[in-house]
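Following: one structure in structure tokens, then a few remarks.
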Amino acid sequence: MRRRSHWGWGHEDAVLSAEQARAAAPGIAEHLRMAVADVEEPVALADVRLPAPRVAPPPGLAAICSSDAHARASHAWGRSYSDVVRGFHGRFDFPPDVVARPRDERDVEAVLTWAAGAGVAVVPYGGGTSVAGGVQCEIPARLNGAVSLDLGALDRVLEVDAVSRAARIQAGAAGPVLEEQLAAQGLTMRFYPQSFEFSTLGGWIATRAGGHFATVETHVDDLVESVRALTPSGAWESRRLPGSGAGVSPDRMLLGSEGILGVITEAWVKVRPRPRARSSAGVRFTEFDRGAEALRAIAQSGLRP
Ligand SMILES: Cc1cc2nc3c(=O)[nH]c(=O)nc-3n(C[C@H](O)[C@H](O)[C@H](O)COP(=O)(O)OP(=O)(O)OC[C@H]3O[C@@H](n4cnc5c(N)ncnc54)[C@H](O)[C@@H]3O)c2cc1C
């Protein structure tokens, strides 16, 4: 199975080799107008020093848990520029003690039950593309350790309501696998953040992500119909209604919650038929402002490119 890089974006087998980086360096240096003395190489995983794990999972959870160096290092940071630079230099300040990979909701519940009893923090982990420190396991001293709860295996489209154009999807589904399953039914969620390759439905909801590669409904808030989450004190689920004006919107509790209120396990989201035709054109503007004005005019014209 392909492994993600323990420090940077993408998979280990897609990281540039030292020779490739050296060959690319002069062009990059010229383009960015900066002097490059030599190409630095990332600290290899074998040379990374992590503190010993403070806690171990109970035997009943051993099958879905790992405390090996790759699991702990690759779940230690998000993927902001500073995260990547620290990981590149082999610096992992808050590695999780355990990485748990639940196969279903029952596993999520079992991890939460153990962690609550053992005084261990649980940090939900979707695609790990956070740029706001959301996945790092920096915990208060009163806690005994931290588990990174990787939802990646919960990646199925569970149900499609073709009449109302909605789908019930597991929270760990990353952009490509989610769209691939919807495409098999001629549908799309049409939500394209720049981190689409690795970020997940649960992460989009927990961070109130925006899909900047589309127009009109570009905020995940616009697409969520209901959310289901597990918390240490039980399941939480909002009702899927065509519309509601009753009181405070319950979905807002989870939208933007950054994992602090519960583990989102699935959600109903709006979907639409995939486009049947596609056409694109490039237009060159002499000045940046004129290009921005043209984009605004198109966006405000009622066209939905
Ligand atoms: C190169 C790059 C491009 C990006 N482009 C965009 C963009 O276009 N638009 C945008 O909005 N953001 C963007 N981001 C930021 C990031 O991708 C988004 O915040 C994204 O929604 C995070 O999703 P994730 O699955 O990777 O979540 P993670 O990074 O794994 O987690 C983010 C937060 O959500 C919580 N969380 C994750 N899953 C769950 C769950 N199932 N239940 C409860 N809490 C959960 C985590 O604990 C954490 O607090 C980009 C980041 C990078 C590095």
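The values are calculated or read from the model by the stated rules, or taken from the named source; none is laboratory data. Because the structure is predicted, anything quoted here is derived from the model rather than measured. All Cβ positions, even for glycine, are placed from backbone atoms using ideal geometry, and neighbour counts span all protein chains on display.
Being within 14 Å of the ligand (Cβ to nearest atom), surrounded by 22 or more Cβ atoms within 10 Å (Cβ to Cβ) and either over 17 Å from the mean Cα position of the chain (by Cα) or not in a loop (DSSP other than H, G, I, E, B) (or both) is the filter here, so list the residues in segment 97-111 that pass it.
Selection gives Val99, Ala100, Val108, Val111.
Can we say Gln136 is assigned to a loop (DSSP other than H, G, I, E, B) and buried (at least 21 other Cβ atoms within 10 Å of the Cβ)?
Answer is yes for this residue.
I'd like the full set of residues that are farther than 12 Å from Val135 by Cα and part of a helix (DSSP H, G or I), limited to segment 74-89.
Within segment 74-89, Tyr81, Ser82, Val84, Val85, Arg86, Gly87, Phe88 qualify.
Among (1) touching a residue at least 40 places away in the same chain (Cβ under 8 Å); (2) assigned to a helix (DSSP H, G or I); (3) within 24 Å of His219 (Cα to Cα), which single condition is Ala116 missing?
(3)
Go through segment 235-260 residue by residue and tally those that are among the small types (Gly, Ala, Ser) and in contact with an Asp or Glu (Cβ under 9 Å, 6 or more places away or on another chain).
Total satisfying the criteria: 3.
Conditions tested, residue by residue: (1) modelled with pLDDT under 95; (2) within 20 Å of the chain's Cα centre (by Cα); (3) aromatic (Phe, Trp, Tyr); (4) surrounded by 13 or more Cβ atoms within 10 Å (Cβ to Cβ).
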| residue | (1), (2), (3), (4) |
| --- | --- |
| Gly60 | no, no, no, no |
| Arg72 | no, yes, no, yes |
| His75 | no, yes, no, yes |
| Tyr81 | no, yes, yes, no |
| Val85 | no, yes, no, yes |
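Out of Ser130, Ser148, I need the residue that is farther than 23 Å from Ser233 by Cα, crowded, with 23+ Cβ neighbours inside 10 Å, in contact (Cβ under 8 Å) with a residue 60 or more places away in the chain and within 13 Å of the ligand (Cβ to nearest atom). Which one?
Values: Ser148 fails: farther than 23 Å from Ser233 by Cα.
After applying the criteria, what remains is Ser130.
Please find, among Gly282, Gly302, the residue that is at pLDDT below 95, within 22 Å of Arg165 (Cβ to Cβ) and exposed (fewer than 10 other Cβ atoms within 10 Å of the Cβ).
After applying the criteria, what remains is Gly302.
Could you list all residues from segment 241-259 that are part of a helix (DSSP H, G or I) and within 14 Å of the ligand (Cβ to nearest atom)?
Asp251, Met253, Leu254
Testing Val147 on (1) touching a His at 6+ places or on another chain (Cβ under 8 Å); (2) in a strand (DSSP E or B), one condition comes back false. Which one is that?
Val147 satisfies all of (1) touching a His at 6+ places or on another chain (Cβ under 8 Å); (2) in a strand (DSSP E or B) except (1).
Please indicate, with yes or no, whether at least one residue in segment 122-145 is among the hydrophobic types (A, V, I, L, M, F, W, C), in contact with a helix residue (DSSP H, G or I) (Cβ under 7 Å, 6 or more places away or on another chain) and under 15 Å from Gly259 (Cα atoms).
To start, the set of residues in segment 122-145 that are among the hydrophobic types (A, V, I, L, M, F, W, C) comprises 122-123, 131-132, 135, 137, 139, 141, 143.
Retained after the next criterion (residues that are in contact with a helix residue (DSSP H, G or I) (Cβ under 7 Å, 6 or more places away or on another chain)): 122.
Still in the list and also under 15 Å from Gly259 (Cα atoms): 122.
Checked against the condition, which is being among the hydrophobic types (A, V, I, L, M, F, W, C), in contact with a helix residue (DSSP H, G or I) (Cβ under 7 Å, 6 or more places away or on another chain) and under 15 Å from Gly259 (Cα atoms), segment 122-145 yields at least one hit.
Anything in segment 162-209 that is free of Cβ contacts under 8 Å to residues at least 40 places away in the same chain and among the polar types (S, T, N, Q)? List them, or say none.
Gln181, Gln185, Gln194
Of everything in segment 186-227 that's more than 10 Å from the ligand (Cβ to nearest atom) and acidic (Asp, Glu), which residue is nearest to His75 (Cα to Cα)?
Step by step, filter segment 186-227, then rank; the result is Asp221.
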